[in-house]
Amino acid sequence: MTNSRLTSTKHAQVYDALRREIESGRWRAGDRMPSEAELVQRFGHSRITVGRALRDLQTDGIVERRVGSGTFVRGVSAGSALSFGLLIPDLGTTDIFEPICQGMMGSPLARPHALLWGSAAGHATSTADQAWQLCQHYIERGVSGVFFAPLELTPTANDINHRIARALTDARIPIVLLDRTVSAYPAPSLYDVVGIDNRSAGFVAAEHLLSLGCERIAFLAAPNAASTVDAREAGYREALFSRGLVPDASLAARVSPDDTEAVRTLMLEHRPQGIVCANDRTAGRLMHTLRRLAYRVPHDVRLVGIDDVEYAALLPVPLTTLRQPTRQLGELALGVMLQRIAQPDLPPRDTRLRCELVVRESCGANRKAA
């Protein structure tokens, strides 16, 4: 809360901006703040205005001005620590989110703040209901921000995702989206989002199979998947185009990898030499279905996943995949949230990290192309 002595004057604006940044963790106790000259250039106000804001910060015990040395942060009181809600409906079923959360909690920026693992009321009948109840709980609690991983794999996901985002926005609670947007691909996100470069991931996965001599490459994803999957499919198509191949729409299948008849039809009618799976969970389930149908991986068909979850190397045929930098994503997401709080007028940012290709047996890299 800002000093009650201040109004919406120029020095009050400088005071508010600097205090928000200190409270968000941008500067910590003992850190030297930018010089008055640097702050004058940043804010476009006079040295007198900036100096008055710094004096007020010192009066309030937030900074200490040392003659000949500069201005240093004294620290943030316990009452200034922030609390953030984790709204991740797929936590426990989508394997990347737990290590992302661990990355947040392990970040040095997290030390003065609290991450809340809320739970919905017991009478919630669906994942969507649980997500909405948790959203309301965070609004009632007045959290400082919410990390939200939008729902997927349900026909109503789009509606509930937009409903949650609007409710948090109306409550003036900042949102940082994890992994995926609430908008359909390729529409830009209206909120900050942190994740991997999904189009690049799809491209690299398909390009790896192409480099092994595959030409008939399928893309497999479950129905009602998140916008990230659309981006990965776009990258898969771009890889084919880059090799002068025309993507066959019938090879991009949105079916359950557990659907034996759908997988049988894909294999018999299209005879793919390789399959890019939307994620490792899809790849693992598909691998078991192919085994039931007497297809051998990688002898009859090569598989590549995306995520590199813990069990990827433990599947019946260890999975070639793209490794998400999950801990770095968590640290980055927390930094984005703190900057959003410190500078609420920044435009939405879509921050993407690249993945690392991890080659294992499922792609048949040590075999000649089929």
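The values are calculated or read from the model by the stated rules, or taken from the named source; none is laboratory data. Just so it is clear, the model here is predicted, and its values are computed rather than measured. Here Cβ is always computed from backbone atoms with ideal geometry, including for glycine, and neighbour counts include all displayed protein chains.
Out of all the residues in the stretch 236-247, is one or more touching a Lys or Arg at 6+ places or on another chain (Cβ under 6 Å), in the same structural domain as L268 (by TED's automatic domain parsing), closer than 14 Å to T282 by Cα and modelled with pLDDT under 95? So far as the stretch 236-247 goes, no, none of its residues is touching a Lys or Arg at 6+ places or on another chain (Cβ under 6 Å), in the same structural domain as L268 (by TED's automatic domain parsing), closer than 14 Å to T282 by Cα and modelled with pLDDT under 95. Scanning the stretch 170-180 for residues that are under 29 Å from A201 (Cβ atoms) and either acidic (D, E) or surrounded by fewer than 19 Cβ atoms within 10 Å (Cβ to Cβ) (or both) yields a count of 1. Check whether at least one residue in the stretch 220-241 is within 20 Å of H299 (Cβ to Cβ) and either charged (D, E, K, R) or part of a strand (DSSP E or B) (or both), and report yes or no. Yes, because at least one residue in the stretch 220-241 is within 20 Å of H299 (Cβ to Cβ) and either charged (D, E, K, R) or part of a strand (DSSP E or B) (or both). Selection of the stretch 187-202 for residues being outside any loop (DSSP other than H, G, I, E, B) and under 21 Å from D170 (Cβ atoms) yields D192, V193. Name the single residue that is surrounded by the most Cβ atoms within 10 Å (Cβ to Cβ) among those in the stretch 284-304 being touching a Ser or Thr at 6+ places or on another chain (Cβ under 7 Å) and assigned to a helix (DSSP H, G or I). Taking the candidates together, the pick is T289. The conditions of being out of contact with any strand residue (DSSP E or B) (no Cβ under 6 Å at 6 or more places or on another chain), not assigned by TED's automatic domain parsing to the domain that holds W132 and not aliphatic (A, V, I, L, M) are met by P34.
Here is a check on your reading of the model: is R281 within 29 Å of the chain's Cα centre (by Cα) and assigned by TED's automatic domain parsing to the domain that holds L87? Here the answer is no, as R281 does not meet what is asked. A single entry from S250, S227, S189 fulfils the requirement of being surrounded by 19 or more Cβ atoms within 10 Å (Cβ to Cβ), modelled with pLDDT under 95 and either of a type in the set (S, T, N, Q) or under 23 Å from T156 (Cα atoms) (or both): S227. Search the stretch 55-73 for residues that are in the same structural domain as D16 (by TED's automatic domain parsing) and pair each with any residue that is β-branched (V, I, T) and surrounded by fewer than 16 Cβ atoms within 10 Å (Cβ to Cβ) when their beta-carbon atoms are under 9 Å apart and the residues are at least 6 apart or on different chains. Listed by first residue and then by second, the contacts come to nothing, as the list is empty. Of all residues in the stretch 254-272, those being over 25 Å from the mean Cα position of the chain (by Cα) and crowded, with 21+ Cβ neighbours inside 10 Å number 3. Does E98 satisfy the condition of being assigned to a loop (DSSP other than H, G, I, E, B) and under 18 Å from T326 (Cβ atoms)? Here the answer is no, as E98 does not meet what is asked.
Mind listing whichever residues of the stretch 305-326 are farther than 16 Å from T93 by Cα, of a type in the set (A, V, I, L, M) and within 16 Å of the chain's Cα centre (by Cα)?
If the condition is that a residue be farther than 16 Å from T93 by Cα, of a type in the set (A, V, I, L, M) and within 16 Å of the chain's Cα centre (by Cα), then L322 is the only one that fits.
Just so you know, in the stretch 53-75 the residues that are assigned to a helix (DSSP H, G or I) and touching a Ser or Thr at 6+ places or on another chain (Cβ under 9 Å) include one that is surrounded by the fewest Cβ atoms within 10 Å (Cβ to Cβ), and it is Q58.
Scan the stretch 18-44 for residues that are buried (at least 17 other Cβ atoms within 10 Å of the Cβ) and in a loop (DSSP other than H, G, I, E, B) and jot them down. If the condition is that a residue be buried (at least 17 other Cβ atoms within 10 Å of the Cβ) and in a loop (DSSP other than H, G, I, E, B), then S24, G25, R26, W27, M33 are the ones that fit.
Count, please, the residues in the stretch 196-209 that happen to be surrounded by fewer than 24 Cβ atoms within 10 Å (Cβ to Cβ) and in contact (Cβ under 8 Å) with a residue 40 or more places away in the chain. Summing the residues that are surrounded by fewer than 24 Cβ atoms within 10 Å (Cβ to Cβ) and in contact (Cβ under 8 Å) with a residue 40 or more places away in the chain in the stretch 196-209 gives 4. For L116, state whether it is touching a strand residue (DSSP E or B) at 6+ places or on another chain (Cβ under 6 Å), buried (at least 19 other Cβ atoms within 10 Å of the Cβ) and modelled with pLDDT of 80 or more. So L116 fails the test.
This table checks each residue for (1) closer than 19 Å to A231 by Cβ; (2) assigned by TED's automatic domain parsing to the domain that holds G202; (3) at pLDDT 95 or above.
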site	(1), (2), (3)
R285	no, yes, yes
R291	no, yes, yes
V297	no, yes, yes
D300	no, yes, yes
I306	yes, yes, yes
Y311	no, yes, no
V317	no, yes, yes
T320	no, yes, yes
A333	yes, no, yes
